[in-house]
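Read-outs: derived from the displayed coordinates by stated rules, not from any lab. Worth saying up front: this structure is predicted, and the values here are computed from it rather than measured. Quick reminder, even Gly has a Cβ in these numbers, built from the backbone with ideal geometry, and neighbours come from all protein chains shown.
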Ligand SMILES: Nc1ncnc2c1ncn2[C@@H]1O[C@H](COP(=O)(O)OP(=O)(O)OP(=O)(O)O)[C@@H](O)[C@H]1O
Ligand SMILES: [Mg+2]
């Protein structure tokens with residue numbers, strides 16, 4: 001459903017991403033990992049139509065993206081700045097639902113349900129500036145999930161919460177998205193998370209970012225925070241992604257994995 | 001936003017009362033000729049009496065109407081213009097020099113010109129007041145629009161909202177605290193300019209006209225009494241608007257407070 005063809009972007013003379021090629025199928029969960037400053041947010045903003053990439057094209061369902069595509073939601077890295085301080089959490093989550101043509105009662109009900117899912121039902125009437133960073137982040141996740149977009153873009157969405165909440169939110173996101181058949185592109189620093197959440201892990205190189213690895217994640221059965229992370233396949237994949245992120249090429253040889261620095 | 005608390009209000013009242021008592025005592029002890037410049041107590045008494053004096057009330061109502069209309073016209077012009085100039089950078093760049101040229105021209109200096117242009121005194125007074133009151137609203141609105149977080153706008157855009165919705169749902173509420181401050185400043189400026197234009201250009205009704213007539217009758221008690229009432233009205237309006245801002249824009253103060 002989403003296709004990036006030679007996507008490049010330069011800020012002034014600074015090249016942030018360089019000829020990124022990527023195809024994402026309907027319903028797929030693709031994690032993008034890469035070192036800080038390699039252009040992950042730039043990539044995401046290009047897809048969302050918030051910046052006009054200086055090179056290449058973004059195709060959604062085969063059509064080039066011009067402006068912000070329909071049926072898309074973004075969870076921004078700067079979640080606190082993307083919430084409206086003059087609105088309660090409930091109103092923040094409900095606002096995009098106006099695009100869905102719902103009346104106030106339905107919007108409030110859907111927003112409350114989403115807040116409940118992220119464990120914030122009790123804070124619905126609170127304003128963003130009355131909340132902790134982690135709570136604000138959960139509100140912005142709730143807002144995106146309530147919207148039920150076809151394509152969900154998430155930029156470091158679980159960075160500000162404790163480990164356990166993070167695991168709960170990972171599972172929640174996967175569950176909600178599978179239920180509605182959403183496609184997800186999730187950006188993360190966390191190699192572990194990328195393997196756990198993704199159907200595929202795409203690794204970007206140091207700046208200017210370009211795709212250096214695209215690994216399918218084949219793990220048996222429904223994912224489970226404890227058991228999945230124990231699997232041999234999980235551990236191997238995590239090591240492979242880790243090496244790619246550090247700029248090393250994995251080399252398969254009869255004795256297992258060897259390392260060769262580029 | 002300045003916040004008045006009970007203690008500072010009390011101290012202000014004590015200071016004012018003290019000064020008035022000293023002036024009253026000085027007058028009574030013969031510091032000046034109280035036949036010409038009346039005592040504090042006389043003036044305050046007159047001010048109180050003016051509130052039920054039909055002749056004064058007709059003038060006050062006229063001035064109040066002029067002021068309210070001037071403020072409405074100011075808001076109707078300056079807020080949309082400020083939103084436009086704040087959002088459309090090229091438009092702002094194009095009119096910036098004009099604004100910088102027009103803004104320092106004192107409104108009072110325009111009164112002779114405006115008298116020639118208008119036969120109707122109310123229109124003339126409104127024009128003079130609007131000219132002066134426009135700037136704080138316009139400049140604050142432009143500034144407020146600039147202050148709106150770009151990411152807040154992008155968020156709504158990413159959900160597929162058009163530019164009109166973004167302006168209405170993010171830019172306007174985000175800039176509202178600044179617009180409100182501009183309107184509060186404009187309200188004070190408009191009071192000054194309405195009375196000034198009445199004093200300078202004359203007419204049949206208006207507090208400025210009332211003061212001029214009192215002066216020609218050598219009634220300093222009435223002049224000062226009326227002036228005090230204008231000042232009190234200004235304080236009242238300002239206090240009401242500050243209270244309104246504190247109530248409506250709690251989120252803005254919270255955010256500004258967190259940033260410092
Ligand atoms: N608006 C901008 N103007 C100029 N340079 C920019 C702009 N936005 C980002 N950059 C630069 O582009 C590069 C990539 O930025 P980007 O935010 O996409 O990185 P990132 O991979 O998301 O990093 P992080 O993991 O730290 O969030 C950085 O070097 C940054 O300094
Ligand atoms: Mg980023």
Are any of the residues in region A:60-79 free of Cβ contacts under 8 Å to residues at least 60 places away in the same chain, within 13 Å of ligand 2 (Cβ to nearest atom) and within 19 Å of the chain's Cα centre (by Cα)? yes
Per-region count, region A:158-186, residues within 17 Å of residue A:33 (Cβ to Cβ), away from chain B (no Cβ under 14 Å) and within 16 Å of ligand 2 (Cβ to nearest atom): 3
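Residues checked against (1) near ligand 1 (Cβ under 8 Å from one of its atoms); (2) more than 30 Å from residue B:163 (Cα to Cα); (3) surrounded by fewer than 22 Cβ atoms within 10 Å (Cβ to Cβ):
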position	(1), (2), (3)
A:7	no, no, no
A:10	no, no, yes
A:19	no, yes, yes
A:25	no, yes, yes
A:33	no, yes, no
A:49	no, no, yes
In region A:78-92, which residue that is in a loop (DSSP other than H, G, I, E, B) and crowded, with 18+ Cβ neighbours inside 10 Å is farthest from the other protein chains (Cβ to nearest Cβ)? A:88
State yes or no: is residue A:41 touching a strand residue (DSSP E or B) at 6+ places or on another chain (Cβ under 9 Å) and within 13 Å of another protein chain (Cβ to nearest Cβ)? yes
Region A:187-209, residues that are within 16 Å of ligand 2 (Cβ to nearest atom) and assigned to a loop (DSSP other than H, G, I, E, B): A:189, A:190, A:205, A:206, A:207, A:208
Which residues, taken from region A:44-59, are under 20 Å from residue A:184 (Cβ atoms) and either within 12 Å of ligand 2 (Cβ to nearest atom) or more than 9 Å from chain B (Cβ to nearest Cβ) (or both)? A:44, A:45, A:46, A:47, A:58, A:59
Do we find that residue B:159 is under 20 Å from residue B:248 (Cα atoms) and within 14 Å of another protein chain (Cβ to nearest Cβ) in this structure? no
When you scan region A:23-35, do you find a residue that is within 16 Å of ligand 2 (Cβ to nearest atom), part of a loop (DSSP other than H, G, I, E, B), more than 10 Å from chain B (Cβ to nearest Cβ) and touching a residue at least 40 places away in the same chain (Cβ under 8 Å), even just one? yes
Is there a residue being within 14 Å of chain B (Cβ to nearest Cβ), within 16 Å of ligand 2 (Cβ to nearest atom) and touching a residue at least 60 places away in the same chain (Cβ under 8 Å) anywhere in region A:143-152? no
